[in-house]
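Participant: Once you've had a glance at the structure underneath, I'll fire off some questions.
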Amino acid sequence: MFLKGNIRFHIDNIEVNNSKQNLSVFGASGLPWEPLDPESYFGKKITVFIELQADPTLFITAPGVILKERTQFSEKMAIHYFLTEKDKNIFKELQKKHGYYPSDYVRKYPRIPIANEIGTFPFHVIVNINESDNDEFAKTSMVLDIENISPNGLLLKSESNLTSAIEPGDRINLLIDPRGWFPLQIKAQGLVCRITEELDQKTENINRYFGVKFTHLDTTNKLTYLELLKDILKKLKIET
């Protein structure tokens with residue numbers, strides 16, 4: 001869920017101002033790079049000035065960092081800002097009153113964020129590319145973290161440089177590894193729709209986030225995955 005607002009910052013005597021953006025409690029995405037360039041400003045720390053177009057208008061100042069965001073069709077800038085707990089709570093209260101989902105896309109299913117307290121929630125997935133000109137890389141399996149899941153896809157994360165070879169539009173094989181008592185792994189194929197990159201300010205590793213849409217689950221794996229989701233949702237309802 002988002003709030004409409006303006007976001008601006010200054011860096012190297014350059015003013016960047018984006019108005020009427022979709023802002024979440026964590027940041028903004030889909031911003032144009034101009035007048036900056038990705039190679040010079042990716043990972044730079046900034047101070048962000050946020051104006052939330054709510055009632056009343058709310059002004060927030062927060063530290064932030066510049067991210068890269070890529071799809072098959074575009075390269076955009078994103079901003080991850082770090083709100084205080086007080087500002088987060090205010091933001092969330094405004095979301096309840098004025099929040100909305102963007103009209104340019106409709107998410108068919110809600111995302112379920114990683115839940116440590118759910119014993120079957122999968123933390124990891126084994127990935128390899130199933131269409132690649134690099135035969136050696138196509139044979140390489142990588143372990144990625146799961147950030148959230150939904151019936152039609154996953155958000156994955158890794159700071160391994162091996163994953164830099166994955167590009168938007170790549171088709172990948174997935175082996176989802178549930179935890180706890182759940183008896184089966186789930187095999188699926190997916191399409192990498194979006195990649196967001198963030199420079200870790202402590203390690204200087206690049207954290208890569210991969211938005212993956214399922215393109216194929218056979219009947220057995222689809223039923224197994226649905227059973228896993230049912231168990232997770234049941235436990236979440238009990239927890240909440």
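The values are calculated or read from the model by the stated rules, or taken from the named source; none is laboratory data. Source: prediction; values computed, not measured. FYI the Cβ positions are ideal-geometry reconstructions off the backbone, even for glycines, and counts take in every protein chain you see.
Participant: What pairs come out if I take residues in region 21-35 that are assigned by TED's automatic domain parsing to the domain that holds I79 and pair them with residues that are in a loop (DSSP other than H, G, I, E, B) and crowded, with 18+ Cβ neighbours inside 10 Å whose C-beta lies under 8 Å away, six or more apart or interchain?
Facilitator: Pairs found: V25/L83.
Participant: Sticking with this one: If K68 satisfies every condition in (1) modelled with pLDDT of 95 or more; (2) farther than 20 Å from I206 by Cα but one, which is the exception?
Facilitator: (2)
Participant: Name the single residue, out of those in region 174-215 being in contact with a Gly (Cβ under 8 Å, 6 or more places away or on another chain) and more than 30 Å from Y41 (Cβ to Cβ), that is surrounded by the fewest Cβ atoms within 10 Å (Cβ to Cβ).
Facilitator: W181
Participant: Any idea which residue in region 40-58 is surrounded by the fewest Cβ atoms within 10 Å (Cβ to Cβ), counting only those that are at pLDDT below 95 and of a type outside the set (G, A, S)?
Facilitator: Initial filter on region 40-58 (at pLDDT below 95): 52-58.
From what's left, of a type outside the set (G, A, S): 52-53, 55-58.
Values: L52: 21, Q53: 16, D55: 9, P56: 7, T57: 10, L58: 16.
Out of the qualifying residues, it is P56.
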